[in-house]
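The values are calculated or read from the model by the stated rules, or taken from the named source; none is laboratory data. Quick caveat: nothing in here was measured; it's all calculated off a predicted structure. When we count neighbours, we look across all protein chains shown, and the Cβ atoms used for this are built from the backbone with ideal geometry, even at glycine.
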Ligand code: ADP
């Protein structure tokens with residue numbers, strides 16, 4: 001079975017083709033068409049035997065997706081059996097779905113909560129429907145967190161806001177948290193259904209999830225991706241009174257506050273240098289604000305580990321993933337430092353050397369793992385499971 005994975009974003013379309021033999025998958029090719037709407041869009045295609053990187057005018061998402069199909073037909077020919085789509089917000093949907101009219105309506109409904117993602121995700125689905133007559137399956141970033149209990153997903157504001165508008169915590173990055181949880185079970189050679197994990201997805205966007213017996217029971221992102229950890233340009237947790245004060249004192253509009261907290265805060269806002277952890281790390285020896293940004297980033301993550309340790313009661317492993325989690329030993333060392341009393345003991349040598357696997361000491365009660373996330377693969381696996389189960393996922 002050949003499954004195409006499509007991530008249709010606001011200005012780019014990423015694609016990857018997987019071939020499944022039984023449950024084992026192999027990536028046949030992948031690529032991206034970005035800067036949609038410009039004269040110089042990058043068109044990238046990669047397979048074992050063919051590499052393409054060129055620039056061309058791509059005026060719309062439809063052109064971009066047609067271009068991806070054209071390259072696949074030419075350089076990786078064969079039937080496509082299903083398309084798995086990344087969709088950021090699925091509201092309270094519990095699992096991946098074949099997209100019929102009612103699912104389109106749900107994705108549309110949550111455009112209001114994910115305006116930078118859902119409209120483009122849905123556009124990708126509609127375009128693919130026209131191009132290939134196969135099941136189009138939506139895999140939601142929110143679905144893995146649908147197991148959060150009410151005590152974790154409600155905000156302590158008047159209850160009507162939930163029933164009226166759906167204001168609650170949804171959580172994001174679910175596809176990544178799920179993928180690394182499955183992979184952790186493989187590495188630890190234990191069934192996921194018996195594992196308690198704290199998974200830290202530390203990229204430009206960052207979130208942490210408490211996984212109990214394989215299910216998400218709490219996560220740091222909430223109603224939007226703004227809550228929780230400090231991120232590249234997002235503030236993470238903040239006293240809501242700060243927003244009120246800014247509106248009053250700086251006369252900021254809703255739009256301005258939105259940009260302030262989502263695009264000008266986080267590592268970038270604190271350091272004044274960059275949202276990129278690599279630049280923060282190299283600047284922090286001589287730049288006090290870069291050092292502060294680094295300290296704050298790690299301290300916030302450490303506090304969440306403590307909170308989720310308490311929520312889980314027993315933790316089998318802590319997992320680091322995504323750009324920073326996978327590539328910044330210094331950040332992992334700082335986050336795990338001083339947690340020996342919780343049975344969390346990092347092996348400093350392994351931490352520096354190992355690219356994927358266990359980086360804790362033998363004596364550490366809680367294992368510490370680095371795992372490369374692969375959201376495309378997870379979307380392909382979800383899609384495969386839906387196809388094999390006649391429209392129902394796991
Ligand atoms: P996104 O959330 O955009 O998918 P990624 O998971 O790709 O982000 O992570 C991007 C971030 O990873 C970059 O902003 C950078 O700070 C960080 N990063 C990548 N490589 C390294 C590295 N070698 N050391 C430290 N940080 C890194």
>> For the condition out of contact with any helix residue (DSSP H, G or I) (no Cβ under 6 Å at 6 or more places or on another chain) and surrounded by fewer than 22 Cβ atoms within 10 Å (Cβ to Cβ), what is the one hit in 101, 94?
In response: 101
> So is residue 307 at pLDDT 95 or above, touching a helix residue (DSSP H, G or I) at 6+ places or on another chain (Cβ under 9 Å) and under 23 Å from residue 206 (Cα atoms) or not?
Replying inline: no
> Does residue 232 qualify as being within 16 Å of the ligand (Cβ to nearest atom), out of contact with any strand residue (DSSP E or B) (no Cβ under 7 Å at 6 or more places or on another chain) and at pLDDT 95 or above?
Replying inline: yes
>> If residue 357 meets every condition in (1) under 30 Å from residue 22 (Cβ atoms); (2) at pLDDT 95 or above; (3) more than 16 Å from the ligand (Cβ to nearest atom); (4) surrounded by 15 or more Cβ atoms within 10 Å (Cβ to Cβ) apart from one, which number is that one?
In response: (4)
>> So residue 70 ticks every box in (1) in a helix (DSSP H, G or I); (2) touching a helix residue (DSSP H, G or I) at 6+ places or on another chain (Cβ under 8 Å) but one. Which box is left unticked?
In response: (2)
> How many residues does the stretch 1-24 contain that are farther than 23 Å from residue 88 by Cβ, in a strand (DSSP E or B) and in contact with a helix residue (DSSP H, G or I) (Cβ under 9 Å, 6 or more places away or on another chain)?
Replying inline: 1
>> Of everything in the stretch 231-242, what is surrounded by fewer than 16 Cβ atoms within 10 Å (Cβ to Cβ) and closer than 30 Å to residue 324 by Cα? Give them in sequence order.
In response: 237, 238, 239, 240, 242
> Looking at residue 181, is it touching a strand residue (DSSP E or B) at 6+ places or on another chain (Cβ under 8 Å) and within 16 Å of the ligand (Cβ to nearest atom)?
Replying inline: no
> Which ones in the stretch 185-207 are away from the ligand (no atom under 14 Å from the Cβ) and either closer than 18 Å to residue 323 by Cβ or surrounded by fewer than 24 Cβ atoms within 10 Å (Cβ to Cβ) (or both)?
Replying inline: 185, 186, 187, 188, 189, 190, 191, 192, 193, 194, 195, 196
> Looking at (1) part of a loop (DSSP other than H, G, I, E, B); (2) within 30 Å of residue 183 (Cα to Cα); (3) within 14 Å of the ligand (Cβ to nearest atom), which is the only condition residue 223 fails?
Replying inline: (3)
> For the stretch 236-276, which residues satisfy the criterion of being in a loop (DSSP other than H, G, I, E, B), more than 16 Å from the ligand (Cβ to nearest atom) and either in contact (Cβ under 8 Å) with a residue 24 or more places away in the chain or under 19 Å from the mean Cα position of the chain (by Cα) (or both)?
Replying inline: 237
